[in-house]
Amino acid sequence: MTEKIVLGMVQWYITHTCNLSCAHCLSYNNYRFHGHFDWDRTRARAEQWSQLIDIEDLTVIGGEPLLHPQIDTWVSGVRALFPNVVDFKICTNGTPLKHMDRAQIRKWFDMGVIIEIQCHSLAIWTQIRDLIRDLYWFGTVELVDSADPALLHRSEQLVMVNGRVAAMIMLTDRFVRNSVKSHNKRLEFYDNDPHSAHAGCYIRDCHYMIDGLLYKCGPVAAGRDLAKQLPVEDCAAQLFNAYKPIDPFDSDVHSRLSSLSSHIDQCRLCPVFGDIDQETLIELEPNKTKLKL
Ligand SMILES: C[S@@+](CC[C@H](N)C(=O)[O-])C[C@H]1O[C@@H](n2cnc3c(N)ncnc32)[C@H](O)[C@@H]1O
Ligand code: SF4
Ligand code: SF4
């Protein structure tokens, strides 16, 4: 049997739908963009992927994944195929947690699933801090400050339950620009040198899975459906549609995987960043109103 290829980071994208609107959302969920993906359509490819790859850091994501009506089917399905991933997470904006079934939270804890709670405002962060002990009612909860929160996070705590990481709480209330240059009536994108955009891209090694097909990154993965649902300028729509994601049943899957780290034509749609610093960051004021075009 051929040895499995190791991918550092894979985000398993299960819905376009989100209840918040954060400016510059990298997967465009701040627009009127919606629709859930179906585990049954994905299962065969997911099983095939589990034979081909190991993943170091795997996150179930959206949109807002906790709004997917079959969230547990997804999490349990992917987890069963990748049982040894230590960094196995669900990434949420935190707001649906107050309504979550507490037995569900316990089930995920028992399965070794970490909930990454990305709070996009101080108000949400405060609510989550108040809620966290109630969510993990079954154990001894301890909050541990991260020594070195990443640039985008103002603070970061590990939630230890019975001595094991159960969740992470991040105050992430600032973003970098996404690839939408303007959104007056239709979405217009950058037209940059793809090498330069890729060289400064902070998510170039964060690959996305949709419907069991693997994409270079979130913007390209979500871009195809974005162009179906919303007015996207022709050149960008063509580039999104031209991208060929990797199907695990393709005969060239190994060579495609080994070129995942390279730039792609679609990188021309993105801004070019030098060093990302405080000046580059945009303060968020998330609300529930989707941007109109
Ligand atoms: C696309 S969201 C999806 C999951 C969930 N709705 C949430 O907000 O966490 C996943 C994460 O991507 C990051 N993100 C999205 N857009 C970003 C941007 N423009 N700059 C930096 N990070 C971004 C945020 O940290 C966010 O938590
Ligand atoms: S909560 Fe914000 S960052 Fe997360 S998907 Fe929704 S709009 Fe994007
Ligand atoms: S298209 Fe290229 S530059 Fe844009 S987000 Fe993806 S990897 Fe980064």
Revision key, fill the gap. Log entry, pairs with first residue in the stretch 23-36 being farther than 14 Å from GLY223 by Cβ, second being surrounded by fewer than 21 Cβ atoms within 10 Å (Cβ to Cβ) and of a type in the set (Phe, Trp, Tyr), beta carbons closer than 9 Å, six or more apart or on different chains, reads ALA23/PHE175; HIS24/PHE175
Review point. How do the helices (runs of 4 or more DSSP H) wholly within the stretch 1-111 filter down when requiring 1 or more residues that are over 25 Å from ASP250 (Cα atoms): which remain?
Key: 71-81, 102-110
Practice item. For the stretch 184-202, enumerate the residues that are surrounded by fewer than 17 Cβ atoms within 10 Å (Cβ to Cβ) and within 16 Å of ligand 2 (Cβ to nearest atom). Key: TYR202
Check your understanding: What are the residues in the stretch 179-193 that are modelled with pLDDT under 95 and out of contact with any strand residue (DSSP E or B) (no Cβ under 9 Å at 6 or more places or on another chain), if any?
Key -> ASN184, LYS185
Practice item. Mind listing whichever residues of the stretch 257-292 are within 16 Å of ligand 2 (Cβ to nearest atom) and out of contact with any strand residue (DSSP E or B) (no Cβ under 7 Å at 6 or more places or on another chain)? Key: GLU285, LYS292
Review point. Which of the residues belonging to the stretch 197-220 are within 9 Å of ligand 3 (Cβ to nearest atom) and either without any contact (Cβ under 8 Å) to a residue 40 or more places away in the chain or among the small types (Gly, Ala, Ser) (or both)?
Key: ALA197, ALA199, GLY200, TYR215, CYS217, GLY218
Check your understanding: If you take the residues of the stretch 264-279 that are assigned to a helix (DSSP H, G or I) and surrounded by 16 or more Cβ atoms within 10 Å (Cβ to Cβ), which of them is farthest from ligand 1 (Cβ to nearest atom)?
Key -> ARG268
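Residue check: is VAL176 crowded, with 16+ Cβ neighbours inside 10 Å and away from ligand 2 (no atom under 16 Å from the Cβ)?
no
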Check your understanding: When residues of the stretch 118-153 are filtered for being over 14 Å from LEU171 (Cβ atoms) and modelled with pLDDT under 95, how many remain?
Key -> 2
Review point. Looking at this structure, is VAL232 crowded, with 19+ Cβ neighbours inside 10 Å, under 15 Å from the mean Cα position of the chain (by Cα) and free of Cβ contacts under 8 Å to residues at least 60 places away in the same chain?
Key: no
Exercise for review: Please state which one of ARG41, ARG32 is away from ligand 2 (no atom under 16 Å from the Cβ) and among the basic types (Lys, Arg).
Suggested key: ARG41
Practice item. Among the candidates SER146, SER182, SER155, single out the residue that is within 28 Å of VAL220 (Cβ to Cβ) and not β-branched (Val, Ile, Thr). Key: SER182
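Can you pull out every residue in the stretch 1-29 that is away from ligand 2 (no atom under 13 Å from the Cβ) and either touching a Leu at 6+ places or on another chain (Cβ under 9 Å) or not small (Gly, Ala, Ser) (or both)?
We begin by selecting, within the stretch 1-29, every residue away from ligand 2 (no atom under 13 Å from the Cβ); these are 1-10, 12.
Those that are away from ligand 2 (no atom under 13 Å from the Cβ) and either touching a Leu at 6+ places or on another chain (Cβ under 9 Å) or not small (Gly, Ala, Ser) (or both): MET1, THR2, GLU3, LYS4, ILE5, VAL6, LEU7, MET9, VAL10, TRP12.
The values are calculated or read from the model by the stated rules, or taken from the named source; none is laboratory data. Nothing here was measured: the structure is a model prediction, and the numbers come from that model. Ideal geometry is used to build each Cβ from the backbone, glycine not excepted, and the neighbour counts take in all protein chains shown.
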